[in-house]
Amino acid sequence: MKIRTDVAEMLRAGHSDTEVARGLHVDRKAVAKARAALSIPKHPRGPEPAATVEDLFQQRVAPTEGGHMEWTGYVAHTTPALRHQGRLTSAYRVAFRIANGREPEGYALPSCGRDGCVMPGHHADRADRKRAEAKAAVTRAWVRGRKRAARALERERAKAEAAREQRLDALYADIFGDSA
């Protein structure tokens, strides 16, 4: 069987029979016969799966005005979600992980004020929300003129932040050893 060189090149480059047929204006069945004659396996159907959940996330977002991103993928009960390697994951969790480099504690929710925003960096987990509430409590006390209460709240917040830093230092020491 005589095979056109351009058909053989495209098949060896990994194109599907349909892509080759459309691109070179040849019959799809002739391309299939050429693939069989060259002993090249059939091209897998469907889109190529994403290597990581972060790659899949990037495929499913679209930028909007104001520095936000909207979700163009699957939505499960009003929550943007994606399925990677058989596991359903919230797009908010993935965005939080991209921005912070760690898994969120509890739910990751948009904190920018825009419903459904999936822009990495626009999400807060339980710990972030708790720190923001403690800071807001100090501000409210100052505004109301309760300086002694504000100072006490600030000391409490600083103590909680120091305890958090100690926990993180211990965790990093366990993971990386004392050299980190």
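Before moving on, here are some points about what is shown:
- Filter pass, Ala127 being outside any loop (DSSP other than H, G, I, E, B), touching a helix residue (DSSP H, G or I) at 6+ places or on another chain (Cβ under 8 Å), over 17 Å from Val53 (Cβ atoms) and small (Gly, Ala, Ser): yes
- Within the range 1-37, the set of residues being in contact (Cβ under 8 Å) with a residue 12 or more places away in the chain, farther than 19 Å from Glu48 by Cβ and not small (Gly, Ala, Ser) comprises Met1, Ile3, Arg4, Asp6, Val7, Leu24, Val26, Val31, Lys33.
- For Arg97, the conditions (1) of a type in the set (Lys, Arg); (2) closer than 30 Å to Gly121 by Cβ; (3) assigned to a loop (DSSP other than H, G, I, E, B) are fulfilled apart from (3).
- One residue stands out in the range 41-75 among those that are among the β-branched types (Val, Ile, Thr) and surrounded by 12 or more Cβ atoms within 10 Å (Cβ to Cβ): the one that is farthest from the chain's Cα centre (by Cα), namely Thr64.
- Per the listing Arg148, Arg155, Arg144, Arg126, the residue uniquely within 30 Å of Thr78 (Cβ to Cβ) and either surrounded by fewer than 17 Cβ atoms within 10 Å (Cβ to Cβ) or more than 36 Å from the chain's Cα centre (by Cα) (or both) is Arg126.
- Pick from the range 38-58, criterion acidic (Asp, Glu) and without any contact (Cβ under 8 Å) to a residue 40 or more places away in the chain, ranking: farthest from Arg97 (Cα to Cα): Glu48
- Only a single criterion out of (1) surrounded by 15 or more Cβ atoms within 10 Å (Cβ to Cβ); (2) touching a Leu at 6+ places or on another chain (Cβ under 7 Å) is not satisfied by Leu38, namely (1).
- Residue in the range 72-91 that is closer than 23 Å to Ala51 by Cα, assigned to a helix (DSSP H, G or I) and assigned by TED's automatic domain parsing to the domain that holds Val61 present: yes
- Unique match (being in contact (Cβ under 8 Å) with a residue 24 or more places away in the chain and in contact with a helix residue (DSSP H, G or I) (Cβ under 6 Å, 6 or more places away or on another chain)) among Ala141, Ala134, Ala150, Ala160: Ala134
- Residue identified as modelled with pLDDT under 85, among the small types (Gly, Ala, Ser) and at negative phi among Ala95, Ala149: Ala149
- Annotation note: Cβ proximity below 7 Å between a residue of the range 105-119 that is part of a strand (DSSP E or B) and a residue that is of a type in the set (A, V, I, L, M, F, W, C) (sequence gap 6+ or interchain) occurs for Leu109/Ala124; Pro110/Cys117.
- Here the condition is being of a type outside the set (Ser, Thr, Tyr) and at pLDDT below 80; of Ala108, Ala134, Ala127, Ala160, it holds for Ala134 alone.
The values are calculated or read from the model by the stated rules, or taken from the named source; none is laboratory data. These numbers come from a predicted model, not from an experiment. So basically every Cβ, Gly included, is an ideal-geometry build from the backbone, and we count neighbours across all protein chains shown.
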